[in-house]
Structures are given as C-alpha cells and as structure tokens.
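Okay, structure first, notes after.
The values are calculated or read from the model by the stated rules, or taken from the named source; none is laboratory data. If you're wondering where the values come from, they're calculated on a predicted model, not measured in any experiment. Note: ideal-geometry Cβ built from the backbone for every residue, glycine included; neighbour counts use all protein chains shown.
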C-alpha cells in the first residue's frame, strides 16, 4: 500500500490528474483508509484555491520546504 510520505510527494500530480490510472487507484485506496492524508489533500486543495486568487504573494521556496518537512513529522511512522 502507498505510504503517507509517498502520497504527500505525489499529491500535486494527483490533484492535477497527472498520474497513471494505477497510481491514481493506489492514492484513492490510501485516502480511503487514512484520515490524515484526506485532511492533507483537502488542505492542499484549499491552499491551491486561495493561491489562485488575485493579489496573492508567492511563499519563498525555503518556507514551502520547511512547512512540508514539519507536516511530514506529524505523519504516523511506517509500521506503527
């Protein structure tokens, strides 16, 4: 099964519909059982929607990287 870490890494491709049907099914199966990743995906979609509005400012790349690392710390450990 797809791990939370892999889902986070592939979330943009999933939202943008840029993955194979097989990968898309793996993501859907993972989302079916993982409330944390469902929340993450919902938040990512909301963030994308907010960023697409006019008069927005782009976050620095370092900040995005830091936020992603912090989020990944909150994910359950593999095998737990």
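Key figures for this structure:
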| quantity | calculated |
| --- | --- |
| Residue that is surrounded by the most Cβ atoms within 10 Å (Cβ to Cβ), among those in the range 13-26 that are farther than 16 Å from residue 3 by Cα and touching a helix residue (DSSP H, G or I) at 6+ places or on another chain (Cβ under 9 Å) | 19 |
| Complete set of residues in the range 27-43 that are assigned to a helix (DSSP H, G or I) and crowded, with 16+ Cβ neighbours inside 10 Å | 27, 30, 31, 37, 40, 41 |
| Residue selected from the range 56-76 under the condition in contact with a helix residue (DSSP H, G or I) (Cβ under 8 Å, 6 or more places away or on another chain) and part of a helix (DSSP H, G or I), by the criterion surrounded by the most Cβ atoms within 10 Å (Cβ to Cβ) | 71 |
| Search result, residues across the range 1-26 that are touching a residue at least 24 places away in the same chain (Cβ under 8 Å), closer than 17 Å to residue 71 by Cβ and assigned to a helix (DSSP H, G or I) | 4, 5, 7, 8, 11, 12, 14, 15 |
| Pair list, Cβ under 7 Å, 6 or more apart: the range 56-80 residue at pLDDT below 85, other residue assigned to a loop (DSSP other than H, G, I, E, B) and surrounded by 10 or more Cβ atoms within 10 Å (Cβ to Cβ) | 78/3 |
| Per-region count, the range 34-51, residues within 15 Å of residue 4 (Cα to Cα) and touching a residue at least 12 places away in the same chain (Cβ under 8 Å) | 6 |
